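Read the figures in this text as sums done on the coordinates, not as results from a lab. These numbers come from a predicted model, not from an experiment. Here the Cβ positions follow ideal geometry from the backbone for every residue, glycine too, while neighbour counts run over all protein chains shown.
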Amino acid sequence: MSENRKLIKIATAGSVDDGKSTLIGRLLYDTKSLTTDKIEAIERSSKQRGYDYLDFSLATDGLVAEREQGITIDVAHIYFNTDKTNFIVADTPGHVEYTRNMVTGASTSQVAIILIDARKGVIEQTYRHFFIANLLRISHVVVAINKMDLVDYDEEVYLKIKADFDVLVAKSDFTEDQINFIPVSALKGENIARQSEEMPWYVGNTLLHHLEVLEPADLQESSVARFPVQYVIRPKTEAWHDFRGFSGMLYGGNLKVGDEVTLLPSMNTSTIKSIHYFDQEIQEAAPGSSIAITLDTEVDLSRGDMLVKSSSVPRSEKQLTATICQVNSKPLKVGGKYILQHGVNRVLAKVDQIESRIHTDFTGTETADQLKLNDIGRVHFRLSKPIHFDTYKENKANGSFILIEEGEYDTVSVGFIE
Amino acid sequence: MNNLLIPNPKEAESIHIIREVAAQFERPVLLFSGGKDSITLVRLAQKAFYPARIPFPLLHVDTGHNFPETIAFRDKLVEELGLELIVRNVQDSIDQGKVREERGRYSSRNSLQTTTLLDAIEEFKFDACIGGARRDEEKARAKERVFSVRDDFGQWDEKNQRPELFDMLNGKIHVGQNVRCFPISNWTELDVWEYIKTENIEIPSIYFAHEREVFLRDGMIWTANEHVFREDHEEVLVKMVRFRTVGDMTCTAAVFSEAVSLEDVVGEIRDSSISERGARIDDKRSEAAMEKRKKVGYF
Ligand SMILES: Nc1nc2c(ncn2[C@@H]2O[C@H](COP(=O)(O)OP(=O)(O)OP(=O)(O)O)[C@@H](O)[C@H]2O)c(=O)[nH]1
Ligand SMILES: [Mg+2]
């Protein structure tokens, strides 16, 4: 499957109407990823609306309610490729009310494109989305200063916004080389796939070229191996009578046959006897593999347990502190009980203390007795059973969790373990 | 023995999702249409549980207007892999008076499938239905989660979807609710074809160029036979065609093609300037056709 092409996952971000969907539509159009029937549909709808240009946002705003209001409500996942790269783009909503959907779209992305309307500059939603990109530890941020056509392609405007944004970068965990600025007009296609003649003062790459030269190696995290057991495979057939394979996805680092492993929570040790990928036996697996592992000894290991190298065991605790982002309108309150899902493992969790609500403009914190929809805060939990975790900084998959509320079973919060 | 496994990220993600379905639900089922996407799903499910068998049955909602090649292929696949297949017929829903057959020029049984599907879900108490929908197919699909919760009436609440963070899937539901699970959400049509080619997966013959009796209407190529309504002036021609998507005969248009091998097909898809859904007559009914169908419980 396009094995020779690299895969890059991108999310858009920025305030309402900054032009995120238009930008993605434009990228699709300029890379010839829109088929003629889709272009015709956009032409038809644009004309119906009385526009004298093609409204590219119609390429991604797929819901009736979105097209009616001209806004994005939920994430759209868009796929396109160039000769060198496969892209998955999550086009997220800018509206404050739908920040939770922005978090959803950005959580799996390596790159965030934050759009800023050149006429408006850095505004509250820009702070918030940059803060979330920082919280999610997204590898790379492109700040696209859009609608340059409406400010006469003026370099001064660009420089002013860049300076304002640099103040935020200084307060974040990002280093300068993780951030790039590009002046664009999504509507007109300036500096999207084509170098703009209107802005000769800008000598950097076009957006598309910039995305293509990013190296996914720099975008992937590497840490230590974590193998949460997802499903135990027991064929019970004659040919495979005694086979007991622990299946799951491998995160963080390699595992190979012969590795000494520790099993959590039992803390028993064993050795990897074989690694299976479908009908092949393999010697070693890289992170991101969905595999099945057998062990040298008969052990008690089931879904939700974890297999790790004995040389690097994670923390196992019944208490933890996390940064929480509230993604549901039901607020998180002290004393509240939730199902905490950490990877494929579920335990019960109780909110011990809400330490603070965090200002998303990097200006500090305030006290709070609850976290409301789209709030971000620091929270202490007590768990019914220990979970085996790393900090989010060390290992994204093993350092994050969701909270499920017990009434409707909605996903109400996402947590980043500290 | 292979040395180091470097995963294909999309395949690994799909296997992860399929294992989550098996682990989180009591009675999952794989919705099998006989098309390339559901055939790909079967291969992924094999990979997810090997050397054990796939731990859930396949359900085919048969409109009665399927291509005979698809049905023959289905039965052979089920036989060879030792799978459990459940078939429920739209004809029965019609006979029971639950749905009414459409008449006239654009009549199709495609939308009638929903009733038969919801009845089957209730009959077998399925709590999860695995489907082969991809987000690149259609603009409403592009908005859907991997685990998509449906209420007692099978309805999709598009403005109120559970956020899906990282690869953590929340399949917790109440009795009566049901989750549609889409393991190949992030695959494109080209991904599927390239996968079928690399994995050497067998697919029904109608995906390859063949001679067929067809007629032209609204710029699309329709199959000419007794299930498809045709006006007298619509002339039957014999042409070399193939199908890019395989559904009910009444809503699946063919494309002119000379592609007789997988290699040819992949090449054709790569250069194609028309989307796969461009050949779906059911989508042309209105701009929001898919979203409307999903809201009432369609796949
Ligand atoms: N003049 C000009 N207009 C633009 C440009 N980019 C976007 N627009 C217009 O700005 C409006 C909003 O664009 P969208 O792409 O829907 O904005 P969005 O950021 O996706 O909005 P939400 O998803 O609702 O947050 C539309 O009317 C676009 O045509 C640009 O570069 N120049
Ligand atoms: Mg938008």
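Observations on the structure shown:
- Length-normalised contact order for chain B - Cα pairs under 8 Å, 6+ apart - percent: 20 percent
- Built amide H within the under 5 Å cut-off of residue B:86, gap 5+: B:58, B:59, B:60
- Placing unit charges on the Cβ atoms only, positive for Lys and Arg and negative for Asp and Glu, gives the stretch A:315-417 a dipole magnitude near 300 debye about its Cα centre.
- Take A:190-198, B:111-119 and order them by the average number of nearby Cβ atoms within 10 Å per residue, most first; the result is B:111-119, A:190-198.
- When you restrict to C-alpha pairs under 8 Å that are six or more residues apart and normalise by the size of the stretch A:6-220, the relative contact order lands at 24 percent.
- Lys, Arg +1 and Asp, Glu -1 on Cβ, resulting dipole of chain A about Cα centre, debye, nearest 20: 1040 debye
- Structural descriptor for the stretch A:226-309: relative contact order 38 percent, calculated from alpha carbon pairs under 8 angstrom and at least 6 residues apart.
- For B:27-38, mean number of other protein chain Cβ atoms within 10 Å: 0
- Kyte-Doolittle mean at least -0.5, axial Cα span of 24 Å or more - DSSP H helices of chain A: A:155-171
- The mean number of Cβ atoms from other chains found within 10 Å of a Cβ in peptide B:13-19 is 5, as a whole number.
- Neighbour-limited loop hits for GluC sites (Glu not before Pro), the stretch B:7-51 (at most 16 other Cβ within 10 Å; DSSP other than H, G, I, E, B): B:26
- HN-Hα J in Hz across the stretch B:185-193 - Karplus 6.51, -1.76, 1.60, θ = phi - 60°, x for Gly and Pro: 3, 8, 8, 9, 4, 5, 4, 4, 5
- Most to least packed among A:12-21, A:262-271 [average Cβ atoms within 10 Å]: A:12-21, A:262-271
- Taking amide H as placed 1.01 Å from N in the peptide plane, residue A:390 has its amide H under 5 Å from the amide H of A:399, each at least 5 places away in sequence or on another chain.
- Springs join every pair of Cα atoms under 10 Å in this Gaussian network model of chain B, and among B:124, B:166, B:182 the largest mean-square fluctuation is at B:166.
- Applying the Karplus relation 6.51 cos²θ - 1.76 cosθ + 1.60 with θ = phi - 60° to the stretch B:75-89 yields 3J(HN,Hα) values of 5, 5, 4, 4, 4, 5, 9, x, 8, 9, 10, 10, 10, 10, 10 Hz, where x marks Gly and Pro.
- Between the C-alpha center of the stretch B:24-68 and that of the stretch A:265-281 there is a gap of 28 Å.
- Across the stretch A:300-317, coupling constants 3J(HN,Hα) worked out from phi with the 6.51/-1.76/1.60 Karplus curve, θ = phi - 60°, read 9, 8, 9, 3, x, 6, 9, 10, 9, 5, 4, 7, 8, 8, x, 6, 10, 9 Hz, and Gly and Pro carry x.
- Close amide-amide hydrogen proximity is noted between residue A:229 and A:304, A:305, A:306, A:307, each under 5 Å apart and 5 or more residues distant or on a separate chain (H modeled in the peptide plane; Pro and chain starts excluded).
- Restricting the trypsin sites (Lys or Arg not before Pro) of the stretch A:55-122 to loop positions (DSSP other than H, G, I, E, B) with no more than 16 neighbouring Cβ atoms within 10 Å leaves A:84, A:119, A:120.
- Inter-chain Cβ neighbour average for residues A:273-281, partner chain, 10 Å: 4
- Each part reduced to its alpha carbon centroid, the stretch A:73-128 and the stretch B:182-240 end up 36 Å apart.
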